[in-house]
1. What's the number of the condition Leu326 fails, among (1) more than 16 Å from the ligand (Cβ to nearest atom); (2) in contact with a strand residue (DSSP E or B) (Cβ under 7 Å, 6 or more places away or on another chain); (3) open to solvent by less than 20 Å² (accessible area, probe 1.4 Å); (4) closer than 12 Å to Ala369 by Cα?
2. Quick check on my filter: what residues within region 13-66 are in a loop (DSSP other than H, G, I, E, B) and either in contact (Cβ under 8 Å) with a residue 12 or more places away in the chain or of a type in the set (Asp, Glu) (or both)?
3. State all residues of region 46-65 that are open to solvent by less than 10 Å² (accessible area, probe 1.4 Å) and within 10 Å of the ligand (Cβ to nearest atom); if no residue qualifies, say none.
4. Wholly within region 83-177, which helices (runs of 4 or more DSSP H) include no fewer than the required count, namely at least 3 residues that are within 16 Å of the ligand (Cβ to nearest atom) and touching a residue at least 24 places away in the same chain (Cβ under 8 Å)?
5. Hey, any hits in region 369-390 for a residue that's surrounded by 16 or more Cβ atoms within 10 Å (Cβ to Cβ), without any contact (Cβ under 8 Å) to a residue 60 or more places away in the chain and not assigned by TED's automatic domain parsing to the domain that holds Tyr90?
6. Looking only at helices (runs of 4 or more DSSP H) that fall completely inside region 219-317, which ones have 1 or more residues that are modelled with pLDDT under 95?
7. Starting from residues that are open to solvent by 20 Å² or more (accessible area, probe 1.4 Å) and either within 19 Å of the chain's Cα centre (by Cα) or hydrophobic (A, V, I, L, M, F, W, C) (or both), keep the ones in region 289-304 and report whichever is farthest from Tyr336 (Cα to Cα).
Amino acid sequence: MAANKEMKVPLLDLKAQYETVREPVRKAIDEVCDSQWFVMGPNVKELEDRVAKYSECRHGIGVSSGTDALLVALMAMEIGPGDAVITTPYTFFATGGAIARLGATPVFCDIDPETFNLDPAAVSAAIENDCDHTGGTLVHKASGKNIKALLPVHLYGQTADMVALMDIAGAHGLGVIEDAAQSIGSEYSDGRRAGSVGHIGCFSFFPSKNLGAFGDGGMCTSNDDELAERIRVLRLHGGKPKYYHALIGGNFRLDAIQAAILLVKLGHLDDWTAGRQANARMYDTAISRSGLDGNVIAPVTRTGRRHIYNQYVIRAERRDELRQFLGNAGIGTEIYYPVPLHVQQCFEYLGYSEGDCPEAEKAANETLAVPVYPELTEEQIQYVVDKISEFYN
Ligand SMILES: *Cc1c(COP(=O)(O)O)cnc(C)c1O
């Protein structure tokens, strides 16, 4: 027990991972310094090719962040003030924020309570009940905007129900942008990778993602030549050739140093993913063995899906008290996310109220992410589970 008292289990330990790649990463950074080529360039090109291949896409376009990947993807689909985009309220802010920043209207549909991802049935119901279908377009009645796209998120590392969502999109001529910020290498049940199923995939290399840079970075992927080319041009202020602007883009460039670091880390990604998956299995087993089933619900993985566990998220009774208790025991946890987007203050103008997306609201009150990073030891995982048991007993 004395040893346990001193145990610390942070939510994420990037230093532990850095120890395993320190030398090659420093060498890669040195090479960029020697080249003095800091923005875009050969490292970015190589990373684009490798992430595209890894994600089974024809094109990879390196960008400045996951947020900018979403923004430029929406811009490439020409989504603006007259348009609306259907998305999930249970996600990181950037998903809804990118839509709103372009003057478009986010339309929030509820989530599947088991996977926490956008529920195709809720999307169908919104299209059926909340939209006007006359005139060949899909007009969202409340806002008067044209629904142009779906923006599902592959939350925590598990893909959304892409076949059902693609069917809906196909039936109504909608674009599909996958927010795969948490899901690089994740696979849908038919084996297709995150970012390769919709028209554009958006990835983040924020340090806490499974493939994390030493700062901000992101990538768009696509199997559509035209969309990929538009993203490439929009990334450089819309100039093509340089200084001739048919489009208004922005500075969405990726730095060479980040790309060089990511190229080293990408070689380890499958091992790290295997480590996360093994840790998740250990939690699953320990949770059911501890008789916690009544108080805690372990995450659900749909049959055949490759879940990459950017987060291992449980539902817990008396979640906030549990979080406090674990914190006191030296265990880092986080709530992803405490306030669903449809009830965020900045989206009050959209007119949603509490109760509009009940599953997202319930999840916001019950979910808790516990440490799952690959370098965790079995002992640490057992300690987390023991502390959870201690709390409920
Ligand atoms: C991290 C994240 C983003 C934003 O990525 P950044 O690189 O931090 O801008 C977008 N969507 C989701 C679901 C994320 O987890």
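1. Among (1) more than 16 Å from the ligand (Cβ to nearest atom); (2) in contact with a strand residue (DSSP E or B) (Cβ under 7 Å, 6 or more places away or on another chain); (3) open to solvent by less than 20 Å² (accessible area, probe 1.4 Å); (4) closer than 12 Å to Ala369 by Cα, the lone unmet condition for Leu326 is (2).
2. So the first thing to find is which residues in region 13-66 are in a loop (DSSP other than H, G, I, E, B), and the list is 13, 36-38, 40-41, 55-58, 64-65.
Scanning region 13-66 gives Asp13, Trp37, Phe38, Met40, Gly41, Ser55, Glu56, Cys57, Arg58, Ser64, Ser65.
3. Going through region 46-65, the residues open to solvent by less than 10 Å² (accessible area, probe 1.4 Å) turn out to be 47, 51-52, 55, 60-63.
Selection gives Val63 alone.
4. Numbers: elements: 93-101, 120-130, 162-172.
Fully inside region 83-177 and qualifying: 93-101.
5. Taking every residue of region 369-390 in turn, none turns out to be surrounded by 16 or more Cβ atoms within 10 Å (Cβ to Cβ), without any contact (Cβ under 8 Å) to a residue 60 or more places away in the chain and not assigned by TED's automatic domain parsing to the domain that holds Tyr90.
6. Working: elements: 225-234, 256-266, 269-289.
In region 219-317, 269-289 are the helices (runs of 4 or more DSSP H) which contain 1 or more residues that are modelled with pLDDT under 95.
7. The first filter runs over region 289-304 and keeps only residues open to solvent by 20 Å² or more (accessible area, probe 1.4 Å), leaving 289-291, 293-295, 297-304.
Going one step further and asking which of them are either within 19 Å of the chain's Cα centre (by Cα) or hydrophobic (A, V, I, L, M, F, W, C) (or both), we end up with 297-302.
Details: Ile297: 16, Ala298: 15, Pro299: 13, Val300: 16, Thr301: 18, Arg302: 20 Å.
Only one residue fits best here, namely Arg302.
Condition check ((1) in contact (Cβ under 8 Å) with a residue 60 or more places away in the chain; (2) open to solvent by 50 Å² or more (accessible area, probe 1.4 Å); (3) farther than 30 Å from Asp112 by Cα) across all residues:
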site: Asn210; (1), (2), (3): yes, no, no
site: Ser222; (1), (2), (3): yes, no, no
site: Gly238; (1), (2), (3): no, no, yes
site: Val264; (1), (2), (3): yes, no, yes
site: Asn279; (1), (2), (3): yes, no, no
site: Ile287; (1), (2), (3): yes, no, no
site: Arg315; (1), (2), (3): no, no, no
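The values are calculated or read from the model by the stated rules, or taken from the named source; none is laboratory data. Worth saying up front: this structure is predicted, and the values here are computed from it rather than measured. Positions of Cβ are backbone-derived with ideal geometry, glycine not excepted, and every protein chain shown enters the neighbour counts. Note: accessible area is taken over every heavy atom of the protein model, side chains too, but ligands, DNA and RNA are not part of it. Shrake-Rupley method; radii C 1.70, N 1.55, O 1.52, S 1.80 Å.
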